[in-house]
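A.B. asks: One structure, pasted below without further comment.
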Amino acid sequence: MTGKLNGSFFYNLSYFYVDCAVNTWRSSYGTMPERLTEMLMDTWTPLIILWITVLPSIYMAPMNQSQVLPSGSSTGLKRLTEEQRVLNRSKRGWVWNQMFVLEEFSGPEPILVGRLHTDLDPGSSKIKYILSGDGAGTIFVINDKTGDIHAMKRLDREEKAEYTLTAQAVDRDTNKPLEPPSEFIIKVQDINDNAPEFVDGPYHATVPEMSVVGTFVTKVTATDADDPVYGNSAKLVYSILEGQPYFSIEPHTAIIKTALPNMDREAKEEYFVVIQAKDMGGHMGGLSGTTTVTITLTDVNDNPPKFAQSLYHFSVMEDVALGEPIGRVKANDLDIGENAKSSYDIIEGDGMDIFEITTDAQTQDGVIRVRKPLDFETKKSYTLKVEAANIHIDPRFISGGPFKDTATVKIVVEDADEPPVFSSPTYLLEVHENAAINSVIGQVTAHDPDVSSSPIRFSIDRHTDLERQFNINAEDGKITLATPLDRETNTWHNITIVATETRNHSQVSRVPVTIKVLDVNDNAPEFASEHEAFLCENGKPGQVIQIVSAVDKDDPKNGHYFLYSLLPEMVNNPNFTIKKNEDNTLSILAKHNGFSRQKQEVYLLPIIISDSGNPPMSSTSTLTIRVCGCSSDGIVQSCNVEAYVLPIGLSMGALIAILACIILLLVIVVLFVTLRRHKNEPLIIKDDEDVRENIIRYDDEGGGEEDTEAFDIATLQNPDGINGFLPRKDIKPDLQFMPRQGLAPVPNGVDVDDFINTRIQEADNDPTAPPYDSIQIYGYEGRGSAAGSLSSLESSASDSDQNFDYLSEWGPRFKRLGELYSVGESDKET
């Protein structure tokens with residue numbers, strides 16, 4: 001197949017260039033006049049046709065007709081012009097595998113994209129052209145007779161840039177392919193119909209204040225949906241519309257930089273910059289888009305702190321508590337955040353040790369506090385010099401001057417009514433324990449620090465002297481003794497003295513007073529414990545029997561030293577002697593051996609103990625010495641007198657066994673007595689309880705009439721035999737009634753009914769009669785009833801005929817009963 005360019009295709013290209021010119025005019029000057037558009041069409045169309053038809057024949061090499069399309073077909077489809085023109089050669093063909101259509105082109109009729117033609121078409125309309133692929137039949141429609149391809153819709157390159165289609169020539173009658181199918185592409189040519197857009201806008205950026213020119217701020221990016229390859233539709237150039245002369249932007253990289261040096265945040269903190277991106281390389285007619293960039297200057301420490309005033313005045317009462325704030329100073333800093341933080345110090349003044357200044361972290365104020373107590377009478381005013389300095393200093397701006405400032409603070413102390421002041425914060429007094437009552441122990445003094453100097457009255461806080469052992473003179477503060485003291489009972493006494501102004505009782509001061517009771521030798525020494533010595537019968541002369549020690553409740557300054565001696569009448573006793581040891585103890589020694597428990601079991605040895613006090617005190621303590629039997633090693637074994645009667649030949653185990661048997665027998669006896677008592681315990685019935693509610697059930701049946709063991713029915717048949725009185729065994733009656741002897745015996749011919757009624761009447765009147773739950777057996781049903789018997793057992797004796805077949809209809813529960821009665825009727829008939 002050979003193809004030649006169609007004339008309509010030339011017009012298609014002319015429309016393309018004219019549309020480009022119209023769009024350029026519209027972007028720059030608005031709508032193009034209709035007359036101007038027609039002039040462009042008339043001018044461009046011949047030029048384009050001449051350029052396309054003439055230049056290829058001069059500059060392009062001929063193409064062999066047998067050359068195939070890129071799709072691989074043998075002959076392929078070629079585009080032909082409406083008139084097959086031959087330029088200087090009899091055979092020449094143009095092979096195309098691409099067609100072009102201008103995007104966004106709209107006209108009164110569908111756009112002719114191109115024409116397909118095959119050399120096999122003799123013009124007899126027997127060939128049919130078929131188009132398939134992307135958009136075939138909807139976007140692109142082919143004339144099956146002429147092969148003309150039209151675009152039916154307005155195309156947008158940004159939605160789809162190219163369409164791949166397949167064309168084939170078939171026989172119109174048989175639909176048989178005349179040639180293999182050939183694939184070609186229709187490309188949508190771009191026009192500048194999309195303006196640049198800032199997808200990420202608007203932007204926010206920061207840059208430090210006082211930055212140098214050219215400091216990077218941020219970078220913006222715009223996108224253009226047009227074809228970046230074809231033409232300049234997507235070639236963008238950036239510029240600043242607002243924000244000069246503070247900032248600049250690189251035209252091609254869109255990097256924003258500072259354009260003015262030393263921009264001060266304190267003067268202006270925020271800048272509003274408008275950035276424009278324009279396509280077509282920024283030339284006239286290009287489309288543009290804008291975005292905003294908000295640039296904020298961040299703070300740097302370029303400003304020192306500054307006090308609002310150079311002199312501050314404060315007043316404070318002299319009785320202010322320590323650590324209380326008395327005033328605040330403030331050094332303002334134009335910077336913010338960390339750059340505005342300052343520290344305060346007192347650098348000069350006569351109250352550097354009296355006051356201190358700290359920084360309030362929230363308000364950045366300097367808080368002045370009292371470190372030591374103030375006294376109006378001593379000093380009435382103070383002058384301080386305080387300094388405020390930045391904590392964080394930027395070295396780049398240190399040459400701008402010191403980042404600190406100073407101010408003077410004057411503090412006036414005001415007089416206050418102060419409580420009395422004691423001459424000492426604590427008092428320590430000493431008194432001997434034998435001091436006389438009302439003797440003076442010591443004295444406390446206090447004065448009013450105010451100028452008025454009010455008189456002071458003293459008193460003792462009785463919560464600290466509950467036993468009222470001390471008194472105080474309210475005028476001069478002398479403390480006297482109210483009760484005797486005993487050092488051995490309580491060595492220390494702690495009381496509180498209260499001083500009160502007589503003119504203002506609310507002004508009160510307190511001071512602790514400690515009283516130490518001094519010792520006097522008023523206690524005699526005595527043995528440290530109750531000693532009892534043991535003397536072995538086989539002891540030797542000079543042997544130490546016991547070592548004793550003494551104690552003294554007194555506390556002499558040089559320590560205790562005791563003297564031991566025997567009573568004068570015991571000095572020459574033949575049995576024992578004493579010896580003083582170096583450790584202030586006493587050793588008891590035996591003078592001879594041969595002590596015997598049979599002769600004397602216990603010896604009493606009085607010992608005199610004296611101390612070294614002034615005057616010396618002494619006491620007599622008696623030591624008990626017991627004679628004991630000891631082993632050969634001197635170990636005490638027995639201190640009692642031995643009995644000469646031989647012991648019983650029973651071992652300890654035998655005694656324990658005998659005792660266990662006795663206890664077991666006692667337990668058995670107790671259990672037996674308890675069981676007997678429970679067995680004979682009567683049945684007690686509560687008065688307010690109805691005995692008829694006590695139902696006793698026995699799960700056994702009697703033997704019937706043949707059982708003569710259960711009850712002697714002859715008693716009922718022969719009442720004369722009841723002469724004896726049978727008492728109740730299950731209860732214990734309150735009163736013992738004699739047996740009823742007044743009733744006459746009932747003869748054999750008397751009706752049993754009368755007999756029973758009589759017995760019932762007797763039982764009702766007899767408190768010893770059986771209760772209602774007792775079983776009474778009566779062998780009598782009665783004389784008869786006018787209503788007749790209700791029992792079905794006697795129905796067989798009647799003459800009436802009864803039918804019990806209905807029992808079978810009552811269900812399975814009555815089926816067996818019906819069978820029994822049916823059998824009874826059948827037996828009766830037989």
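The values are calculated or read from the model by the stated rules, or taken from the named source; none is laboratory data. None of the values given here were measured: they were computed from a predicted structure. Neighbour counts are summed over all protein chains in view; Cβ atoms, including those assigned to glycine, are modelled from backbone coordinates with ideal geometry. To get the accessible areas, we keep the full protein, side chains included, count just its heavy atoms, and leave off ligands, DNA and RNA. Shrake-Rupley method; radii C 1.70, N 1.55, O 1.52, S 1.80 Å.
A.B. asks: Answer yes or no: is there a residue in the stretch 597-604 that is open to solvent by 30 Å² or more (accessible area, probe 1.4 Å) and either within 30 Å of THR489 (Cβ to Cβ) or among the aliphatic types (A, V, I, L, M) (or both).
C.D. replies: Within the stretch 597-604, one or more residues are open to solvent by 30 Å² or more (accessible area, probe 1.4 Å) and either within 30 Å of THR489 (Cβ to Cβ) or among the aliphatic types (A, V, I, L, M) (or both).
A.B. asks: Filter the stretch 575-596 for residues that are open to solvent by 60 Å² or more (accessible area, probe 1.4 Å), part of a loop (DSSP other than H, G, I, E, B) and either basic (Lys, Arg) or in contact with a Lys or Arg (Cβ under 7 Å, 6 or more places away or on another chain) (or both) and give the result.
C.D. replies: Across the stretch 575-596, the qualifying residues are LYS591, ASN593.
A.B. asks: Tally up the residues in the stretch 533-585 that are among the small types (Gly, Ala, Ser), under 30 Å from HIS432 (Cα atoms) and in contact (Cβ under 8 Å) with a residue 40 or more places away in the chain, please. Break it down into steps so the answer makes sense when it comes.
C.D. replies: First, the residues of the stretch 533-585 that are among the small types (Gly, Ala, Ser): 533, 539, 542, 549-550, 559, 565.
Going one step further and asking which of them are under 30 Å from HIS432 (Cα atoms), we end up with 549-550, 559.
After this cut, where a residue has to be in contact (Cβ under 8 Å) with a residue 40 or more places away in the chain as well, the list is 550.
The qualifying residues number 1.
A.B. asks: A follow-up question, please. For the stretch 214-227, which positions are at pLDDT 80 or above and either under 18 Å from THR253 (Cα atoms) or among the charged types (D, E, K, R) (or both)? First the steps, then the outcome.
C.D. replies: The initial filter retains those residues of the stretch 214-227 that are at pLDDT 80 or above, namely 214-226.
Within the stretch 214-227, GLY214, THR215, PHE216, VAL217, THR218, LYS219, VAL220, THR221, ALA222, THR223, ASP224, ASP226 meet the criteria.
A.B. asks: Kindly indicate whether any position in the stretch 515-528 is open to solvent by 40 Å² or more (accessible area, probe 1.4 Å) and closer than 28 Å to VAL627 by Cβ.
C.D. replies: Looking for residues that are open to solvent by 40 Å² or more (accessible area, probe 1.4 Å) and closer than 28 Å to VAL627 by Cβ, one finds at least one in the stretch 515-528, hence yes.
A.B. asks: A further question on this structure: Just to check your reading of the model, which residue among PRO373, PRO455, PRO449, PRO425 is open to solvent by less than 50 Å² (accessible area, probe 1.4 Å) and either among the basic types (Lys, Arg) or over 30 Å from ASN521 (Cα atoms) (or both)? First the steps, then the outcome.
C.D. replies: Numbers: PRO373 fails: open to solvent by less than 50 Å² (accessible area, probe 1.4 Å); PRO455 fails: open to solvent by less than 50 Å² (accessible area, probe 1.4 Å); PRO425 fails: open to solvent by less than 50 Å² (accessible area, probe 1.4 Å).
Among PRO373, PRO455, PRO449, PRO425, only PRO449 is open to solvent by less than 50 Å² (accessible area, probe 1.4 Å) and either among the basic types (Lys, Arg) or over 30 Å from ASN521 (Cα atoms) (or both).
A.B. asks: Which numbered condition trips up LYS268, out of (1) under 51 Å from the mean Cα position of the chain (by Cα); (2) surrounded by 14 or more Cβ atoms within 10 Å (Cβ to Cβ)?
C.D. replies: LYS268 satisfies every listed condition except (2).
A.B. asks: Filter the stretch 463-481 for residues that are open to solvent by less than 30 Å² (accessible area, probe 1.4 Å) and assigned to a loop (DSSP other than H, G, I, E, B); which is farthest from SER423 (Cα to Cα)?
C.D. replies: GLN469
A.B. asks: Would you be able to tell me the number of residues in the stretch 314-344 that are open to solvent by 80 Å² or more (accessible area, probe 1.4 Å) and over 30 Å from PRO208 (Cβ atoms)?
C.D. replies: 4
A.B. asks: What is the number of the single condition among (1) touching an Asp or Glu at 6+ places or on another chain (Cβ under 6 Å); (2) of a type in the set (Val, Ile, Thr); (3) assigned to a loop (DSSP other than H, G, I, E, B) that VAL229 does not meet?
C.D. replies: It fails just one condition, (1).
A.B. asks: Please enumerate the residues belonging to the stretch 255-265 that are in a loop (DSSP other than H, G, I, E, B), more than 12 Å from PRO245 (Cα to Cα) and open to solvent by less than 50 Å² (accessible area, probe 1.4 Å).
C.D. replies: Step one: filter the stretch 255-265 for residues in a loop (DSSP other than H, G, I, E, B), giving 259-265.
Next, from what is left, pick out any that are more than 12 Å from PRO245 (Cα to Cα): 262, 264-265.
Within the stretch 255-265, just ARG265 meets the criteria.
A.B. asks: Here is a further query. Kindly indicate whether any position in the stretch 296-308 is in contact (Cβ under 8 Å) with a residue 12 or more places away in the chain, within 48 Å of the chain's Cα centre (by Cα) and closer than 30 Å to LYS278 by Cα.
C.D. replies: Yes, some residue in the stretch 296-308 is in contact (Cβ under 8 Å) with a residue 12 or more places away in the chain, within 48 Å of the chain's Cα centre (by Cα) and closer than 30 Å to LYS278 by Cα.
A.B. asks: Give the residues of the stretch 228-244 that are surrounded by fewer than 16 Cβ atoms within 10 Å (Cβ to Cβ), β-branched (Val, Ile, Thr) and modelled with pLDDT of 90 or more, sorted by residue number.
C.D. replies: Across the stretch 228-244, there are no qualifying residues.
A.B. asks: Scan the stretch 345-364 for residues that are within 28 Å of PRO208 (Cβ to Cβ) and touching a Phe, Trp or Tyr at 6+ places or on another chain (Cβ under 8 Å) and report the count.
C.D. replies: Number of matching residues: 1.
A.B. asks: I'm trying to understand the selection: among the residues of the stretch 379-404, which are open to solvent by 30 Å² or more (accessible area, probe 1.4 Å) and touching a strand residue (DSSP E or B) at 6+ places or on another chain (Cβ under 9 Å)?
C.D. replies: Within the stretch 379-404, LYS379, LYS380, SER381, THR383, LYS385, GLU387, ILE391, PRO402, LYS404 meet the criteria.
A.B. asks: Only one of PHE216, PHE247 is surrounded by 16 or more Cβ atoms within 10 Å (Cβ to Cβ), within 30 Å of PRO395 (Cα to Cα), among the aromatic types (Phe, Trp, Tyr) and in contact (Cβ under 8 Å) with a residue 40 or more places away in the chain. Can you tell me which?
C.D. replies: Going through PHE216, PHE247 in turn, just one is surrounded by 16 or more Cβ atoms within 10 Å (Cβ to Cβ), within 30 Å of PRO395 (Cα to Cα), among the aromatic types (Phe, Trp, Tyr) and in contact (Cβ under 8 Å) with a residue 40 or more places away in the chain: PHE247.
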